[in-house]
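The values are calculated or read from the model by the stated rules, or taken from the named source; none is laboratory data. Keep in mind it's a predicted model, so treat the numbers as computed, not measured. FYI the Cβ positions are ideal-geometry reconstructions off the backbone, even for glycines, and counts take in every protein chain you see.
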Amino acid sequence: MHPANYTDIQRLLTDQRSLADAAEAHGTLAGSLCAAVGYRFEDWMHEILPEGRAADDLSTASLRQLYLDTAGSLEGQEMEFELLLPEDEQPIDSRTSALGQWCQGFLYGLGTSALQDASALPGEVGEIVRDLTEISHVGVDDGQSAETNESAYAELVEFVRVGVQLVFEELGPLRDQPPPPEAALH
């Protein structure tokens with residue numbers, strides 16, 4: 001799997017007038033894949049793009065590949081799922097902000113699924129979701145050294161990465177349910 005480049009996806013989404021930045025869009029995708037029954041690429045496009053589709057084939061192909069890579073890494077047994085976040089060369093403030101936006105997107109994705117209240121999930125999964133809610137408000141501590149902030153950021157990213165994989169695994173039975181029937185128009 002070739003990890004997507006945050007800067008390239010951000011540029012592509014900006015060009016497509018996306019409703020979300022790259023981190024939030026990827027978080028939405030991951031949250032939806034964790035909890036939604038039969039979540040498709042087209043469903044994700046309707047969430048993040050104003051017209052529900054990319055304006056050109058190259059953008060569609062790049063976003064489809066990100067969708068496929070994300071779904072594949074969540075479903076795989078190798079624990080290779082990665083969050084789409086700014087590269088390490090970017091300032092810690094930007095990366096931390098993007099991590100918060102990623103978590104917001106993830107929570108949004110969970111919230112658009114069949115879950116009644118994601119924050120009320122029992123046990124470890126509920127605790128992870130509540131922690132992600134807190135992380136969505138993360139900021140850099142100006143009173144700490146750069147090294148301390150970098151270390152804290154790395155720990156949070158790893159916590160979110162592993163937590164998302166656990167949520168995906170634990171919500172498998174929810175995703176295995178048949179989709180609700182289409183509402184009939186009268």
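Points to keep in mind about this one:
- Residues of region 123-157 satisfying the condition of being of a type in the set (Ser, Thr, Tyr), part of a helix (DSSP H, G or I) and touching a residue at least 12 places away in the same chain (Cβ under 8 Å): 133, 153
- Members of region 158-167 found to be surrounded by 12 or more Cβ atoms within 10 Å (Cβ to Cβ) and either assigned to a loop (DSSP other than H, G, I, E, B) or not small (Gly, Ala, Ser) (or both), listed by number: 159, 160, 161, 162, 164, 165, 166, 167
- Residues satisfying the stated conditions in region 1-39, i.e. among the acidic types (Asp, Glu) and touching a residue at least 60 places away in the same chain (Cβ under 8 Å): 21, 24
- Considering region 1-51, the qualifying helices (runs of 4 or more DSSP H), each wholly inside and each with 3 or more residues that are hydrophobic (A, V, I, L, M, F, W, C) and over 24 Å from residue 121 (Cα atoms), run over 6-15, 41-48.
- Residue within region 72-82 that is of a type in the set (S, T, N, Q), more than 17 Å from the chain's Cα centre (by Cα) and surrounded by fewer than 19 Cβ atoms within 10 Å (Cβ to Cβ) present: yes
- Checked against (1) surrounded by fewer than 15 Cβ atoms within 10 Å (Cβ to Cβ); (2) closer than 22 Å to residue 44 by Cβ; (3) of a type outside the set (Asp, Glu), residue 144 passes all but condition (2).
- For residue 82, the criteria (1) charged (D, E, K, R); (2) part of a helix (DSSP H, G or I); (3) at pLDDT 95 or above; (4) closer than 20 Å to residue 168 by Cα hold in every case but one, which is (2).
- For region 40-58, filtering for residues that are buried (at least 18 other Cβ atoms within 10 Å of the Cβ) and either polar (S, T, N, Q) or without any contact (Cβ under 8 Å) to a residue 60 or more places away in the chain (or both) leaves 5.
- Residue check, residue 28 modelled with pLDDT of 95 or more and surrounded by 15 or more Cβ atoms within 10 Å (Cβ to Cβ): yes
- On inspection, residue 93 passes the criterion of being assigned to a helix (DSSP H, G or I), surrounded by fewer than 18 Cβ atoms within 10 Å (Cβ to Cβ) and either within 13 Å of the chain's Cα centre (by Cα) or touching a residue at least 24 places away in the same chain (Cβ under 8 Å) (or both).
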